[in-house]
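Below you'll find the structure, written out as structure tokens, and then a few comments.
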Amino acid sequence: MQLPSLELKNITLDRDDEIAIVSLDRAAKRNALNAETIEELISVFSAIPRSGARAVVLRAEGDHFSAGLDLVEHHKQERSAADFMHVCLRWHEAFNKMEYSGVPVIASLKGATVGGGLELASAAHIRVADQTTYFALPEGQRGLFTGGGATIRVAELVGRARMIDMMLTGRIYKAEEALAVGLCQYLVKEDSEAKALEIAKATASVPPLSNFAICSAISHTRNMSALDASYMEAFVAGVVNTQPASNERLAAFADKTAARVKPMT
């Protein structure tokens, strides 16, 4: 694995063996997402699939994952409607790079995961929260509307009715309730980063072609009719399920040397 060489001001890149560690690094701003950070996310997640990384842990410095759109920057810019539409399109570009990259992205969440921060987290394939994590979409309370994909990804996670409630009332989800409605898949007492890294290492043991299919094909079915999605699924299964790595693992299963399937604690 070779980490990309990029000029970054708001994000840091590190590695743990085959795992890329992507860290939001604007702790003083509660990791609010300004335009420059979004451009850096596009650069990072454009390069990672070609780096040899087998998985990604997305984390943040400080006490909060991300407070969302940098409202101070937005207010000072005095953007026109067309200007802000193009800002939103860059957010979509960044988050699509994550979701459709074919490399598992595991988000380690803490503190505020709100607004655009929740949109960012929802583009990850797996979300790990700790007891400090809270989720909200406060845009309605601020006279705003989501622009980074919440109407697609967050609504898909929790359902349209819950998303509408979150935006209209400012409702906050955390802990067991957030887990129950689908905002995260794992909830730990402390140190979501350790759990995220554990999950990343588990996903890194999966053959890359299988991971590519899991982390791209499933999302692509959202954009297809049921008939087209069924055809695509059969085609992808034909390619993935006959790869050499699959044959090796099936042989191990047949001769009873394969690891047993067991739950992750």
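What follows is calculated from the coordinates using simple rules that are stated; it is not laboratory data. Given the structure is predicted, the values throughout are model-derived calculations rather than measurements. All Cβ positions, glycine included, derive from the backbone under ideal geometry; neighbour counts span all protein chains shown.
Things to note:
- Cα-only Debye scattering, the chain: base-10 log of I(q)/I(0) at q = 0.07, 0.10, 0.15 Å⁻¹: -0.25, -0.52, -1.14
- Subtracting the Cα-Cα distance of Thr221 and Asp63 from 0.36 nm times their residue separation leaves 53.3 nm of extension gain.
- Cα shape, region 31-74, gyration tensor, a/c 1.5 rule: oblate
- The stretch between Asn96 and Ala194 holds 32.7 nm of extra length on full extension. This uses 0.36 nm per residue minus the Cα-Cα distance.
- Peptide ranges 127-135, 196-204 listed from the most packed, as the mean C-beta count within 10 angstrom indicates: 127-135, 196-204
- With θ taken as phi - 60° and the Karplus curve 6.51 cos²θ - 1.76 cosθ + 1.60 applied, the whole-hertz 3J(HN,Hα) list for region 243-251 is 5, x, 4, 5, 4, 5, 6, 5, 5 Hz, x standing for glycine and proline.
- Cα centroid of region 163-210 to Cα centroid of region 1-40, whole Å: 20 Å
- Relative packing of peptides 107-114, 250-257 - highest average C-beta neighbours within 10 Å first: 107-114, 250-257
- Residues of type lysines that Lys110 reaches as a straight line, Cα spacing below 29 Å, ignoring anything fewer than 8 places off in the same chain: Lys9, Lys29, Lys76, Lys97, Lys174, Lys189, Lys195, Lys201, Lys262
- Selection from Gln141, Leu24, Ser46 lying farthest towards where the dipole of region 11-204 points positive, charges on Cβ: Gln141
- A cut-off under 12 angstrom between Cβ atoms defines the neighbours of Glu198, and their net charge, with Lys, Arg +1 and Asp, Glu -1, is -1.
- Taking 0.36 nm per residue of sequence separation and removing the Cα-Cα distance, the Glu156/Glu176 pair yields an extension gain of 5.3 nm.
- Dipole magnitude for region 128-265: about 120 debye, using +1 per Lys or Arg Cβ and -1 per Asp or Glu Cβ, origin at the Cα centre.
- Its residue count N sets the reference 2.2 N^0.38 Å, and the alpha-carbon radius of gyration of region 200-239 equals 1.28 times that reference.
- Where both bridge residues fall in the chain, DSSP classifies roughly 30% of the beta bridges as antiparallel.
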